[in-house]
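This report concerns only the one structure given below.
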Amino acid sequence: MAKGVVIDGAGATLARLRQDAGFATVDEAADALGVDRSLIYKYEGNKVGVPEAYLEKLAERLKKSLTYVVLECMQERYPELASKPVAGYFAKLLKEIE
């Protein structure tokens, strides 16, 4: 993945992944990941795009690959994919890289 990639429109997925990573609150995540809490609120509220650096930190905490986190976010960002033949491919990819 190229540096500087930014994902937007996946706030609910980011909130779920943050919680899956063991951070019940945004403040906990901000402290542990070294990110300003206001930015996390903006990421999860779909106010700004999420930079790759944050996705990498979240993936590391989840003990998942960056690709896994990005695919999870893409499913929310592009819900129309669920009704396309590619939906099964996404599910298979996520299971394989998990």
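Just one of the numbered conditions (1) without any contact (Cβ under 8 Å) to a residue 12 or more places away in the chain; (2) closer than 23 Å to residue 33 by Cα; (3) of a type in the set (A, V, I, L, M) is not true of residue 86: (2). For residue 27, the test of being without any contact (Cβ under 8 Å) to a residue 60 or more places away in the chain and either surrounded by 15 or more Cβ atoms within 10 Å (Cβ to Cβ) or not polar (S, T, N, Q) (or both) is passed.
Of all residues in segment 37-52, those that are within 19 Å of residue 27 (Cβ to Cβ) and part of a strand (DSSP E or B) total 1. Residue check: residue 60 meets all listed conditions (1) at pLDDT below 95; (2) within 12 Å of the chain's Cα centre (by Cα) but one, namely (1).
Of the residues making up segment 44-56, those that are of a type outside the set (Val, Ile, Thr), in contact with a helix residue (DSSP H, G or I) (Cβ under 7 Å, 6 or more places away or on another chain) and surrounded by fewer than 18 Cβ atoms within 10 Å (Cβ to Cβ) number 3.
Look at segment 74-86 and say how many of its residues are at pLDDT below 80 and under 18 Å from the mean Cα position of the chain (by Cα).
Quick first cut of segment 74-86, residues at pLDDT below 80 only: 81-86.
Remaining after also requiring under 18 Å from the mean Cα position of the chain (by Cα): 81-82.
Count: 2.
The values are calculated or read from the model by the stated rules, or taken from the named source; none is laboratory data. Only a predicted model underlies this, so the values are computations on that prediction, with no experimental measurement involved. Glycine also receives a Cβ, built like all others from the backbone with ideal geometry; neighbour counts cover every protein chain displayed.
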